[in-house]
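What follows is a set of notes on a single structure, which appears directly below.
The values are calculated or read from the model by the stated rules, or taken from the named source; none is laboratory data. These figures come from a predicted structure and were not determined experimentally. Positions of Cβ are backbone-derived with ideal geometry, glycine not excepted, and every protein chain shown enters the neighbour counts. We work out accessible area using only protein heavy atoms, side chains counted, and drop any ligands, DNA or RNA first. Shrake-Rupley method; radii C 1.70, N 1.55, O 1.52, S 1.80 Å.
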Amino acid sequence: MYKYKYLHIYLPVFFALFLGLFIDSKYISNQFINSQYLTNIITLITFIWIYVKVSVKIKKLMLYGLILAFLGEVFFSLVLGMYTYRLENLPLYVPLGHSIIYAGVFYISKEPVLKKHKELVIKVLYISMIIYSTAWLVFA
């Protein structure tokens with residue numbers, strides 16, 4: 001059996017990602033008017049949790065990523081109008097989410113079980129990416 005060294009870092013990322021996106025979905029937002037605020041709070045708490053737990057190097061990269069994500073979202077979404085969020089704003093959870101996803105992926109990739117089965121993981125991810133991209137192209 002494998003010991004998961006970084007579960008305390010990437011598990012909250014998955015939790016916040018799925019719960020936050022569900023809470024700010026059209027289905028839930030039709031029931032609760034302030035669902036985006038709740039998602040912002042969940043993501044901010046998750047960001048702080050992860051930021052406290054990671055190394056100094058990753059803390060710096062998370063902050064750089066936060067700044068870059070914020071500037072990129074402002075430019076591409078608000079300035080160029082390439083895409084729009086549900087309330088036509090830039091939710092706080094979006095740039096925070098980019099940063100916590102980076103940290104989560106960084107630490108999950110360090111797990112011994114993934115390192116041991118690296119080739120299999122790469123094949124599964126490539127196949128999944130091709131299937132998902134093709135489905136998106138066909139059905140979207």
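Structural remarks
- Most positive-pole-ward Cα, P112, G65, I9, against dipole of the chain from beta carbon charges: P112
- Carbon/sulfur fraction of accessible area - segment 1-73, other protein chains in place, 1.4 Å, %: 74 percent
- Span from the segment 77-103 Cα centroid across to the segment 35-68 one, whole angstrom: 14 Å
- Cα gyration tensor shape of segment 51-129, rounded if a/c is under 1.5, else prolate or oblate by comparing a/b with b/c: oblate
- Sorted on the mean count of surrounding Cβ atoms within 10 Å across their residues, most packed first, peptides 127-140, 16-29 read 16-29, 127-140.
- By accessible area with a 1.4 Å probe, ligands and nucleic acids excluded, highest first: order of Y6, Y93: Y6, Y93
- Protein heavy-atom accessible surface, 1.4 Å probe, per residue over the chain: 72 Å².
- A protection proxy built from the mean count of other Cβ atoms within 10 Å ranks the segments 64-70, 111-117, most packed first, as 64-70, 111-117.
- Residue-averaged [θ]222 nm for the chain, counting only DSSP H segments that reach four residues, each worth -39500 (n - 2.57): -24000 deg cm²/dmol
- Å³ per residue enclosed by the Cα convex hull of the chain: 140 Å³
- By the equivalent-ellipsoid construction on the alpha carbon gyration tensor, segment 92-140 comes out with semi-axes of 23, 22, 4 Å, ordered largest to smallest.
- Using Cβ point charges alone (K and R +1, D and E -1), the dipole size of segment 5-140 about the Cα centre works out to roughly 640 debye.
- Under 14 Å between alpha carbons - lysine pairs in the chain that sit 8 or more apart or on different chains: 8
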